[in-house]
Amino acid sequence: MALTFDGLAEVSLARDLLRRWWGLDLGLSEADGKGYVRASHATCESVRGVVAASCAAALEELAGELAKSKDRSALIRRCHAGMVLVVAPVFGSKGLAGVVYATGACTDRNAVEQKLVATIGCGPDEARALSEAVPQLSDGDLERVRDLVGAAAATVERAQPAEIPPTTHAHPFTEMVGDSPAVRDVVKLLTKVVRSEATVLIQGESGTGKELIARAIHYHGPRVKKPFVVQNCSAFNDNLLESALFGHVRGAFTGAVKDQPGLFQVADGGTFFLDEIGDMSAALQVKLLRVLQEGTFTPVGGTKPVKVDVRIIAASHKDLAAMVAHKQFREDLFYRVNVLKITVPPLRERVSDIPRLAQHFVNKHWRSPNPAPRLSQGALSRLVAYPWPGNIRELENEMERMLVLAGDATELTASMVSGRVSGIVNAAQSAPRPLRDVVANAEADAIVASLGRHTGDRELAAADLGVSEPLLAARMAALGIGGTGA
Ligand SMILES: Nc1ncnc2c1ncn2[C@@H]1O[C@H](COP(=O)(O)OP(=O)(O)OP(=O)(O)O)[C@@H](O)[C@H]1O
Ligand SMILES: [Mg+2]
């Protein structure tokens, strides 16, 4: 897989700093070490490819070492000419995908000079001239080089298209995307629920997929050829809702010019999804209880009961058991409704489903014959980190928004994730976040900005921030900024 490298802003910044500060270039090579192309300066160029142990071979060996290592930090080694080689891994879903490197510096010019004579076969004068052109790094410089190479590699890694493995959990409810234990439990329950005729209660926060589950029960069950009718019990006032559910007879109220069948009659033989049942008035709860007990009801203004055969699925984001305890919902109706209960977990409790759901919504809303864009690893990291108070519906809206922003780009990147979800805009208002995260982010921003102003000089940055250098180093270590050097 080709890695994105040259177009990335952070990579350009790291390259620019490496060049300006130490005259080093930054390169990328494939996982097998092939693709070594960049040489930092004339000395580097003149030893490239000389003798069997060329730079590419040194890089290949280091790539092999990184592939086996669990540690993702950059390695510092010497090349065959005694120069420093700093290499950081870029991991993909199938292991090492490539390495980012900077080479051509030294920590000891004499050592390079000796190597040039011994290994490359240079004459003493030539070796001295070549070694004098090699930039020399202090230990602190070396750490900074390592930080920059590591940061560039991390950026390349984040920009890779995310690999979302196909679900390993085959089931007939293909409209239910997800592989988390919670989804598996729901699917297991659904297999039983579709075979029965019992009333189902679906509980879950707003936007968790309650209606999707209700539809799945209907469309995978024996009533599939009959209607699936939905009514939200919080949508109308009491009179309208009663009329909508049970119908009315001519003359029942002003404007009732003819008999009007209710939705229960429309749903006859099929399934009726009563959404937000917790919002139903006490009077309507009694009427609904009768439908559940006897299968009959009386239209508004009518006298003759009507008999129907309807399977009822009810949903609520409120805790109906608690409402019963507070006498806000009839206990007898609760027991009639709560025969089979499905609890849908919020998205923040099934984070492992976010990548699959995100790509599912990209594909769902993609309106072109070309292949749908893929999500980058960086975009996915942001989506996964957000607590999704609005649940799956909010994730779906976010993906639609990203598709609009992307235009005809083949990849959805981190910069296309909305500021709210990325935690950049209105972080404190939009999502509940622990105070320590907010503080840590602000602190990290201030430190990075100050280091940037002082081109990485910690002494000046510490003075700027009004803290001691050891304290700055400790905070940087705690916040995961930079390396451990001076
Ligand atoms: N597991 C899932 N796989 C794929 N899409 C899903 C899944 N769960 C929910 N969705 C989608 O998310 C959106 C919201 O789901 P749905 O309307 O079923 O939720 P809800 O709990 O009824 O929400 P509300 O409380 O707002 O009525 C829909 O577009 C639905 O298709
Ligand atoms: Mg709903």
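The values are calculated or read from the model by the stated rules, or taken from the named source; none is laboratory data. Since the model is a prediction, treat every value here as computed from it, not as a measurement. Neighbour counts run over all protein chains shown; Cβ positions are idealised from the backbone, glycine included. These accessible areas exclude ligands, DNA and RNA; they are computed on the full protein's heavy atoms, side chains included. Shrake-Rupley method; radii C 1.70, N 1.55, O 1.52, S 1.80 Å.
Quick notes on this one:
- The stretch 232-245, residues that are within 15 Å of ligand 1 (Cβ to nearest atom) and either open to solvent by 20 Å² or more (accessible area, probe 1.4 Å) or outside the structural domain of VAL266 (by TED's automatic domain parsing) (or both): ASN232, SER234, ALA235
- Filtering ALA385, ALA428 for residues that are surrounded by fewer than 18 Cβ atoms within 10 Å (Cβ to Cβ), among the small types (Gly, Ala, Ser), over 27 Å from THR4 (Cα atoms) and modelled with pLDDT under 90 leaves a single hit, ALA428.
- Of residues in the stretch 160-191 being free of Cβ contacts under 8 Å to residues at least 60 places away in the same chain and either in the same structural domain as GLY378 (by TED's automatic domain parsing) or within 16 Å of ligand 2 (Cβ to nearest atom) (or both), the one farthest from LYS341 (Cα to Cα): GLU175
- Qualifying residue in the stretch 365-379 (condition: within 12 Å of ligand 1 (Cβ to nearest atom), part of a loop (DSSP other than H, G, I, E, B) and charged (D, E, K, R)): no
- Tally of residues being in contact with a Pro (Cβ under 6 Å, 6 or more places away or on another chain) and closer than 18 Å to PHE361 by Cα across the stretch 163-206: 1
- Residue within the stretch 277-295 that is in the same structural domain as GLU205 (by TED's automatic domain parsing), out of contact with any Cys (no Cβ under 9 Å at 6 or more places or on another chain) and farther than 30 Å from GLU205 by Cα present: yes
- Neighbours by Cβ (under 8 Å, 6+ apart or cross-chain): first from the stretch 390-403, in contact (Cβ under 8 Å) with a residue 12 or more places away in the chain; second among the aromatic types (Phe, Trp, Tyr) and more than 9 Å from ligand 1 (Cβ to nearest atom): GLU394/TRP388; LEU395/TRP388; LEU403/TRP366
- Flag: SER93 matches the condition of being surrounded by fewer than 20 Cβ atoms within 10 Å (Cβ to Cβ), in the same structural domain as VAL149 (by TED's automatic domain parsing), among the hydroxyl-bearing types (Ser, Thr, Tyr) and closer than 30 Å to ILE164 by Cα.
- When the stretch 75-104 is filtered for residues that are farther than 19 Å from GLN377 by Cβ and assigned to a loop (DSSP other than H, G, I, E, B), the ones remaining, listed by number, are CYS79, HIS80, ALA81, GLY82, MET83.
- You will find that of ALA39, ALA67, the residue that is among the small types (Gly, Ala, Ser) and buried (at least 18 other Cβ atoms within 10 Å of the Cβ) is ALA39 and no other.
- Filter pass, GLY390 being within 16 Å of ligand 2 (Cβ to nearest atom) and modelled with pLDDT under 95: yes
- Within the stretch 106-135, residues that are among the β-branched types (Val, Ile, Thr) sit with their Cβ atoms under 7 Å from residues that are assigned to a helix (DSSP H, G or I), at 6+ positions apart or across chains, in these pairs: THR107/LEU142; VAL112/SER131; VAL117/PRO124; VAL117/ALA127; ILE120/VAL47; VAL134/THR43; VAL134/ARG109; VAL134/VAL112.
- Test: residue in the stretch 353-365 that is crowded, with 19+ Cβ neighbours inside 10 Å and within 16 Å of ligand 2 (Cβ to nearest atom): no
- Cβ-Cβ under 6 Å pairs, at least 6 apart or on other chains, the stretch 319-341 side over 26 Å from LYS192 (Cα atoms), far side of a type in the set (S, T, N, Q): ARG330/GLN285
- Identity of the residue in the stretch 176-225, charged (D, E, K, R) and more than 11 Å from ligand 1 (Cβ to nearest atom), that ends up least open to solvent (accessible area, probe 1.4 Å): ARG223
- Pairing residues of the stretch 192-206 that are under 19 Å from LEU292 (Cα atoms) and of a type in the set (Lys, Arg) with residues that are within 16 Å of ligand 1 (Cβ to nearest atom) and at pLDDT below 95, at Cβ distances under 7 Å and at least 6 apart in sequence or on separate chains, gives no pairs at all.
- For the stretch 109-163, residues that are open to solvent by 70 Å² or more (accessible area, probe 1.4 Å) and within 16 Å of LEU28 (Cβ to Cβ) total 1.
- From the options ARG393, ARG356, ARG350, residue that is touching an Asp or Glu at 6+ places or on another chain (Cβ under 8 Å) and within 28 Å of VAL194 (Cβ to Cβ): ARG356
- Lone qualifier among GLU10, GLU60 - being open to solvent by 10 Å² or more (accessible area, probe 1.4 Å), under 19 Å from GLN377 (Cβ atoms) and out of contact with any strand residue (DSSP E or B) (no Cβ under 6 Å at 6 or more places or on another chain): GLU10
- Here the condition is being hydroxyl-bearing (Ser, Thr, Tyr), surrounded by 14 or more Cβ atoms within 10 Å (Cβ to Cβ) and farther than 15 Å from ASP332 by Cα; of THR271, THR254, THR303, it holds for THR271 alone.
- Scanning the stretch 105-139 for residues that are of a type in the set (Gly, Ala, Ser) and part of a helix (DSSP H, G or I) yields a total of 5.
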